[in-house]
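Enquirer: This structure is in structure tokens; I'll ask about it shortly.
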Amino acid sequence: MRQGVVVRRARIGVYAAVLALLGGLLLGWSDRAGAAADPLLSKGRPATASSTEGSSYEAGKAVDGNAATRWASAEGKDPQWLRVDLGATADISRIKLSWEAAYAKAYRLEVSADGTAWSTVAEEKAGNGGTDDWTGLSGKGRYVRMYGTARGTSYGYSLFELEVYGVPAGGSSSPPPTGGAFTVVAAGDIAAQCTASDSACAHPKTARLAQQIDPKFYLTMGDNQYDDARLSDFKNYYDKTWGAFKAKTRPVPGNHETYDPAGSEAGYKSYFGSIAYPQGKSWYSFDEGNWHFVALDSNAFDQSAQIDWLKADLAANSKQCIAAYWHHPLYSSGGHGNDPVSRPVWKILYGAKADLVLNGHDHHYERFAPQDPDGKAVADGMVEIVGGMGGAEPYPIEQVQPNSQKRISGDYGVLKLDFTDSGYSWTYVGTDGQIEDTGPKYSCH
């Protein structure tokens, strides 16, 4: 017993584990016996890893509930880690590791509220593989990580399954939901330096509309605050309108967030804090229902750290449907036009069979037919929507791009997106509450 860390650790050898599994299948035995009070929280949740041996051994294979698949790290390197996002904060009581032959001789089991600061709930210093079943744990967090510090073989680290048991914070006896329909409101290019006392000021009107729709959460596609995105301006303008639902907002920065004299994105970071940096960076991901949402910082598309993260994040995704959002659109018929900075990201998302891309930057509404990164209309392409009409001065339509299906300039509004487990649809709603456009219904790839 390790005081303050764990009550009991059961160890089973590789062959014993196989026999126990076969016996359990024959006799109807449940591998959750002894911890039936606490549900399995990790199955099917998003997982990421420090490295993978190859595409057949991605992180998500360790939380798919299939004992025949596995995660494997790169060979010959320490340390290595595997992390799972439970989707919500939970009180964690048990963690079970089913090792392949490439096991960890030494590792820590860690939990985190934000995926950045970690605390240890259990530690192994003399592992010998097989199955490690840590019970009686006392930890709270949304993220759980196996952090391997010493390999038991000359290979890497490899897990058939990482199982996390516990109770979601708040006392629910069931794991976080993984399905169902939900609504999202999205807009970009939002708060000008004006208030509701000015009848021409638009962002108080779009905020009122957005709040009336009362979605599951809100997405902002950059240029949240004009002109230089100083913290004082966020407090004086954005906070008095869109700030009313700040806690339910999932923002990304735009180019105006980089103009802050205090430093690039300084005011944005100070205002939103961990809401905009839930994983320690200005890019992050999260899940809702059967959807995986990827929030990107298009000011930093030239940074390999974000690109490497994106590839790993998509490789670990276990959801059928993928939506991504950032500021600069690859395709636009507005004043800024097409922005090739987004093309490499489009290629990565397209390769991962992503469905939907949301952007701002140009101050108009526009939707495109499904297309590939080269602008060719294809059935398995991604749908792009420009929604930069959150409050900034409108831009005219200048050069209509191929595959553009609908364009609206001059009418402020928000995107109302309706997601299901297998598809999505949307409307563009004006500040008067009238539907300005209705997009087609699409199924996920």
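Enquirer: Cβ contacts < 8 Å: first residue of a type in the set (Asp, Glu), restricted to the stretch 125-142; second residue crowded, with 19+ Cβ neighbours inside 10 Å and not in a loop (DSSP other than H, G, I, E, B), any location; separation 6+ or different chain. Result?
Expert: Asp132/Lys96; Asp132/Leu97; Asp132/Trp99; Asp132/Glu124; Asp133/Arg94; Asp133/Lys96; Asp133/Leu97
Enquirer: Might you let me know whether the stretch 319-342 holds any residue that is of a type in the set (A, V, I, L, M, F, W, C), surrounded by fewer than 20 Cβ atoms within 10 Å (Cβ to Cβ) and within 26 Å of Tyr365 (Cβ to Cβ)?
Expert: The answer is yes; a qualifying residue exists.
Enquirer: While we're looking at this one, here's another question. Filter the stretch 373-391 down to the residues that are touching a residue at least 24 places away in the same chain (Cβ under 8 Å) and out of contact with any strand residue (DSSP E or B) (no Cβ under 8 Å at 6 or more places or on another chain) and list them by number.
Expert: Pro373, Gly375, Asp380 - these are the residues of the stretch 373-391 that are touching a residue at least 24 places away in the same chain (Cβ under 8 Å) and out of contact with any strand residue (DSSP E or B) (no Cβ under 8 Å at 6 or more places or on another chain).
Enquirer: Taking Arg145 as meeting all but one of (1) over 22 Å from Thr69 (Cβ atoms); (2) at pLDDT 95 or above, write down the number of the exception.
Expert: Of everything listed in (1) over 22 Å from Thr69 (Cβ atoms); (2) at pLDDT 95 or above, Arg145 misses just condition (1).
Enquirer: Still on this structure, please answer the following. If only one of Thr438, Thr431 is surrounded by fewer than 18 Cβ atoms within 10 Å (Cβ to Cβ) and over 22 Å from Pro373 (Cβ atoms), which one is it?
Expert: Checking each option against the conditions leaves just Thr438.
Enquirer: If a residue must be buried (at least 16 other Cβ atoms within 10 Å of the Cβ) and closer than 9 Å to Asp228 by Cβ, how many such residues does the stretch 260-272 contain?
Expert: 2
Enquirer: Now for a different question. Considering the stretch 48-59 alone, what residues qualify as being of a type outside the set (Val, Ile, Thr), at pLDDT below 85 and crowded, with 21+ Cβ neighbours inside 10 Å?
Expert: Glu58
Enquirer: What number of residues within the stretch 183-207 are more than 20 Å from Asn359 (Cα to Cα), in contact (Cβ under 8 Å) with a residue 12 or more places away in the chain and out of contact with any Cys (no Cβ under 8 Å at 6 or more places or on another chain)?
Expert: 4
Enquirer: Another question, then. Is it the case that Gln303 is without any contact (Cβ under 8 Å) to a residue 40 or more places away in the chain and either polar (S, T, N, Q) or on the phi > 0 side of the Ramachandran plot (or both)?
Expert: yes
Enquirer: Just to check your reading of the model, which residue among Ala200, Ala196, Ala262, Ala266 is touching an Asp or Glu at 6+ places or on another chain (Cβ under 6 Å), over 25 Å from Ala323 (Cβ atoms) and among the hydrophobic types (A, V, I, L, M, F, W, C)?
Expert: That would be Ala266, the only listed residue that is touching an Asp or Glu at 6+ places or on another chain (Cβ under 6 Å), over 25 Å from Ala323 (Cβ atoms) and among the hydrophobic types (A, V, I, L, M, F, W, C).
Enquirer: Further question: Could you identify the single residue in Ser199, Ser158, Ser138, Ser119 that is buried (at least 19 other Cβ atoms within 10 Å of the Cβ) and out of contact with any Leu (no Cβ under 6 Å at 6 or more places or on another chain)?
Expert: Ser158
Enquirer: Kindly evaluate Thr120 against the criterion of being within 18 Å of Pro79 (Cα to Cα), under 29 Å from the mean Cα position of the chain (by Cα) and modelled with pLDDT under 95.
Expert: no
Enquirer: Could you run through the stretch 403-428 and say how many residues are within 19 Å of Ala191 (Cα to Cα) and surrounded by fewer than 16 Cβ atoms within 10 Å (Cβ to Cβ)?
Expert: Count: 1.
Enquirer: I would also like to ask the following. Within the stretch 212-243, can you find the residues that are part of a helix (DSSP H, G or I) and in contact with a helix residue (DSSP H, G or I) (Cβ under 6 Å, 6 or more places away or on another chain)?
Expert: Leu231, Phe234, Trp242 - these are the residues of the stretch 212-243 that are part of a helix (DSSP H, G or I) and in contact with a helix residue (DSSP H, G or I) (Cβ under 6 Å, 6 or more places away or on another chain).
Enquirer: Within the stretch 350-384, take every residue that is among the hydrophobic types (A, V, I, L, M, F, W, C) and surrounded by 23 or more Cβ atoms within 10 Å (Cβ to Cβ) and give me the one that is farthest from Arg407 (Cα to Cα).
Expert: Among residues in the stretch 350-384 that are among the hydrophobic types (A, V, I, L, M, F, W, C) and surrounded by 23 or more Cβ atoms within 10 Å (Cβ to Cβ), the one farthest from Arg407 (Cα to Cα) is Ala354.
The values are calculated or read from the model by the stated rules, or taken from the named source; none is laboratory data. As the structure is a computational prediction, the values presented were derived from the model and not from experiment. Reconstructed Cβ throughout: ideal geometry from the backbone, glycine too, with neighbour counts over all protein chains shown.
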